Amino acid sequence: MKKILVVDDEPAIVSAIAYALRREGYEVDTAGDGEEALSKTNTFHPNVLVLDVMMPKLSGYDVCRKLENRDDIGIILLTVKNDIVDKIVGLELGADDYMTKPFEIRELLARVKALLRRLEKNTAEVKSELIEYGILRVHPDRRSAELGEESLELTPKEFDLLLLLLSHPQRVYMREELLEQVWDMDYAGGTRTVDIHIQRLRKKLGEPYQNILQTVYGVGYKAVPAGSYP
């Protein structure tokens with residue numbers, strides 16, 4: 001039975017969502033603020049987190065920042081702001097999807113099901129082969145990366161983006177393709193979030209490894225061949 005943690009400071013919303021999810025056969029727990037959400041994530045171990053953005057103590061964004069070992073947790077953000085900037089912030093922090101209040105419970109259920117399918121698909125398709133670019137090593141099965149002796153601190157989406165590009169060197173990906181394959185969505189707000197993630201990856205990789213990720217102007221991005229970094 002898949003586990004869903006519903007987090008919102010409005011009891012009526014929590015109750016409605018939890019009731020609908022339980023009717024669909026999910027095991028559901030709830031929390032009323034960000035601190036309780038972090039605590040219950042560590043004890044309940046949800047597969048999906050339905051997380052309100054505007055909450056007391058810790059916001060939904062703060063929860064995303066503080067979550068540990070969240071690679072196997074899907075996150076759907078709930079927000080009252082239909083603002084592109086807010087949505088980009090959520091995606092950059094590792095959220096998988098977002099919904100603007102008010103919303104239809106049926107749509108939320110459909111998105112939870114779709115997210116669970118994507119998570120299962122991603123788990124099944126993980127390759128165990130080590131990817132090496134000189135001293136840069138990427139472990140798909142462990143979802144970790146090191147540069148020499150130092151571990152790279154990557155968000156889930158940064159890791160997914162790096163893994164996709166390094167797994168297909170010289171393959172040019174349009175920004176829309178990266179958004180679809182890494183975020184699994186057609187983001188109507190534009191593709192700026194892809195550019196931001198590339199910038200952050202380059203900064204974390206540093207010289208000369210930041211040059212692994214190359215911009216194909218007017219198109220998108222690609223990774224150079226592994227042999228370029230002995």
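The values are calculated or read from the model by the stated rules, or taken from the named source; none is laboratory data. Quantities reported herein were computed from a predicted structural model and do not represent experimental measurements. All Cβ positions, even for glycine, are placed from backbone atoms using ideal geometry, and neighbour counts span all protein chains on display. Areas reflect the complete protein model, heavy atoms only, side chains present, ligands, DNA and RNA absent. Shrake-Rupley method; radii C 1.70, N 1.55, O 1.52, S 1.80 Å.
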Hits in segment 3-26 - residues which are touching a Pro at 6+ places or on another chain (Cβ under 9 Å) and surrounded by fewer than 18 Cβ atoms within 10 Å (Cβ to Cβ): Lys3, Asp9
Among (1) open to solvent by less than 70 Å² (accessible area, probe 1.4 Å); (2) of a type outside the set (D, E, K, R); (3) in contact (Cβ under 8 Å) with a residue 12 or more places away in the chain, the one test that Ser39 misses: (3)
Residues satisfying the stated conditions in segment 120-176, i.e. open to solvent by less than 80 Å² (accessible area, probe 1.4 Å), acidic (Asp, Glu) and at pLDDT 90 or above: Glu146
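Residue by residue, here is whether (1) open to solvent by 30 Å² or more (accessible area, probe 1.4 Å); (2) at pLDDT 90 or above; (3) touching a Lys or Arg at 6+ places or on another chain (Cβ under 8 Å); (4) not assigned by the TED database to the domain that holds Lys3 holds:
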| residue | (1), (2), (3), (4) |
| --- | --- |
| Asn47 | yes, yes, yes, no |
| Leu51 | no, yes, no, no |
| Ile84 | yes, no, no, no |
| Glu92 | no, no, yes, no |
Single residue of Ile4, Ile13 found to be part of a helix (DSSP H, G or I), out of contact with any Cys (no Cβ under 9 Å at 6 or more places or on another chain), within 14 Å of Leu78 (Cβ to Cβ) and assigned by the TED database to the domain that holds Phe103: Ile13
Output for segment 34-66, where each listed residue is of a type in the set (A, V, I, L, M) and within 13 Å of Leu78 (Cβ to Cβ): Ala37, Val48, Leu49, Val50, Leu51, Val53, Met54, Met55, Val63
Selection count where residues are touching a strand residue (DSSP E or B) at 6+ places or on another chain (Cβ under 8 Å) and in a loop (DSSP other than H, G, I, E, B), scope segment 34-66: 6
Options Asp29, Asp72; residue that is of a type in the set (D, E, K, R), in contact (Cβ under 8 Å) with a residue 40 or more places away in the chain and outside any helix (DSSP H, G or I): Asp72
All positions within segment 193-204 that are in contact with a Leu (Cβ under 7 Å, 6 or more places away or on another chain), open to solvent by 10 Å² or more (accessible area, probe 1.4 Å) and in contact (Cβ under 8 Å) with a residue 12 or more places away in the chain: Lys204
